[in-house]
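A short worksheet on the structure shown next.
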Amino acid sequence: MDANPRVLHTEWSDGWGGQEIRIISEMISVRDLGVDVFLACRKNSTIKLKAEEHKIKVFDLPFKGNYDLITLYRLIKIIFKLKINIVNTHSGKDTWVGGLAAKLTGAKFIRTRHLSNPINPSKLNFINGVADYIFTTGESVREDMIKRNRIREDRIRSIPTGIDDNLYNPKLYSKNENRDSFRVKKNEIAIGIVAVLRKFKRHDLFVRMAKEIIIKFPDKKFKFLIAGDGPQKEKIFNLINDLNISENVRLLGHVSNVPEFLSALDIFVLSSDSKEGVPQSVMQALLMKKLVVATNCGSTKDLMNKNNFILAKTNSVSSLTNGVSYFIKNQFKDYDRDFIVRNFSKKIMTEKILAIYKLLLENK
């Protein structure tokens with residue numbers, strides 16, 4: 001590699017979900033191997049606080065729009081001052097100003113596409129096409145951008161978010177102790193979801209599925225646990241009460257000890273209807289050797305390998321119900337944790353990213 005990578009990440013989002021977690025995780029992973037990393041984001045964003053917690057240098061910028069000249073000017077100054085040679089953008093608005101700043105300064109421009117919803121194929125929406133390289137978080141996203149957005153195949157690669165398989169290791173946790181911690185009784189089947197309470201995560205489907213399962217198995221006891229916080233909280237709370245299942249379904253709010261939460265579960269569910277790359281929560285659940293029912297959105301199917309994973313239809317309460325019912329009746333033990341470790345661990349993600357950095361900096 002001709003030069004040590006000095007990477008400036010840009011992020012417009014002020015939320016805290018899988019995308020933002022991926023950015024921080026990636027930055028820490030490559031920094032541990034000698035890469036200099038920096039972050040430009042909005043002043044009141046959660047990612048700023050998380051980056052600062054990890055001693056990452058942060059620049060807060062307005063990111064008011066695609067052509068925010070103030071942000072563009074300040075990014076150019078940062079790139080020159082810090083001798084940045086790679087700019088990695090993550091959301092729509094910061095991709096325009098971050099990508100243009102990279103092009104105007106001679107830095108390499110990497111666009112990371114986290115979501116699976118289609119990008120406008122108009123030739124006026126050219127910013128992704130001028131990127132030196134594109135990372136996607138799933139194979140279906142990569143294929144879609146090649147077909148719809150005319151991205152060259154040799155300039156785009158799927159690099160799913162890597163999970164720390166040393167942390168998400170069921171051998172490290174006591175299921176009984178964690179069930180006690182989350183107030184799950186010994187005779188209850190624990191079914192859970194970990195996701196920010198956003199509309200596309202479709203927690204309404206999860207709650208309605210819970211109602212169907214309770215009716216379908218009157219001789220069994222259930223606890224449905226929802227880990228996460230967000231703008232849909234009130235709607236989900238009201239739906240739980242409207243369905244009269246508040247004794248069975250609990251909103252836990254934000255859960256920081258995710259491995260312990262997963263340890264307490266019998267079945268993990270993901271109910272999203274769109275936008276997923278390769279879902280981090282599903283990878284985490286599979287590493288914890290959980291039975292998984294997840295909707296077939298984005299690149300979720302990339303994780304399928306063994307019988308402990310059922311792919312459900314999107315926007316379908318009955319499909320989720322059927323999947324969960326199958327696992328209630330058939331307790332599989334055919335886990336293949338090694339498949340996730342081999343293909344979706346943090347180590348694998350980091351190696352792939354560093355290889356692209358090397359490729360870009362050796363081909364100026």
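For the reader, a short list of remarks on this structure follows.
- Mean-position separation - Cα centroids, segment 148-163 and segment 217-251, in angstrom: 37 Å
- In the elastic network of the chain, a GNM with C-alpha springs shorter than 10 Å, the most mobile of 273, 68, 32 is 32.
- When both bridge partners sit in segment 216-364, DSSP labels roughly 10% of those beta bridges antiparallel.
- Selection of trypsin sites (Lys or Arg not before Pro), segment 217-266, meeting DSSP coil and at most 16 other Cβ within 10 Å: 220
- Checking every one of the chymotrypsin sites (Phe, Trp or Tyr not before Pro) in segment 9-95 against DSSP loop status and a limit of 15 other Cβ atoms within 10 Å picks out 67.
- Each of 9, 254 was scored by other Cβ atoms within 10 Å of its Cβ. Arranged with the fewest first, they read 254, 9.
- Springs join every pair of Cα atoms under 10 Å in this Gaussian network model of the chain, and among 110, 191, 146 the largest mean-square fluctuation is at 146.
- Here the contact order of segment 170-343, divided by its residue count and restricted to Cα pairs under 8 Å and six or more residues apart, works out to 24 percent.
- Annotation note: GluC sites (Glu not before Pro) in segment 221-303 located in DSSP loop regions with a Cβ neighbour count of at most 11 within 10 Å are 247.
- With both residues required to sit in segment 193-291, DSSP beta bridges show an antiparallel share near 10%.
- Highest-MSF residue in the chain out of 31, 337, 150 [GNM, Cα springs under 10 Å]: 150
- Among 117, 72, 33 - extreme Cα towards positive end, dipole of the chain, charges at beta-carbon: 72
- Here is how the number arises for the chain: DSSP H runs of 4 or more residues each give -39500 (n - 2.57), the sum is divided by the residue count, and the result at 222 nm is -12000 deg cm²/dmol.
- Other-chain or far-sequence residues with amide H under 5 Å of residue 10's (modelled H): 40, 88, 89, 90
- Residue pairs, from the table 147/201; 55/199; 199/347; 64/235; 199/301; 48/93, whose Cα atoms sit over 24 Å apart: 147/201; 55/199; 199/347; 64/235
- Each residue of segment 271-283 was assigned a 3J(HN,Hα) from its phi angle through the Karplus curve 6.51 cos²θ - 1.76 cosθ + 1.60 (θ = phi - 60°); the sequence is 10, 4, 10, 5, 6, 6, x, 9, x, 4, 5, 5, 4 Hz, with glycine and proline shown as x.
- By the compact-protein rule of thumb, 2.2 N^0.38 Å, the alpha-carbon radius of gyration of segment 170-343 corresponds to a ratio of 0.94.
Every number here is computed from the coordinates shown, using simple stated rules; none is lab data. Predicted, not measured: the structure shown is a model, and the values here were computed from it. Glycine also receives a Cβ, built like all others from the backbone with ideal geometry; neighbour counts cover every protein chain displayed.
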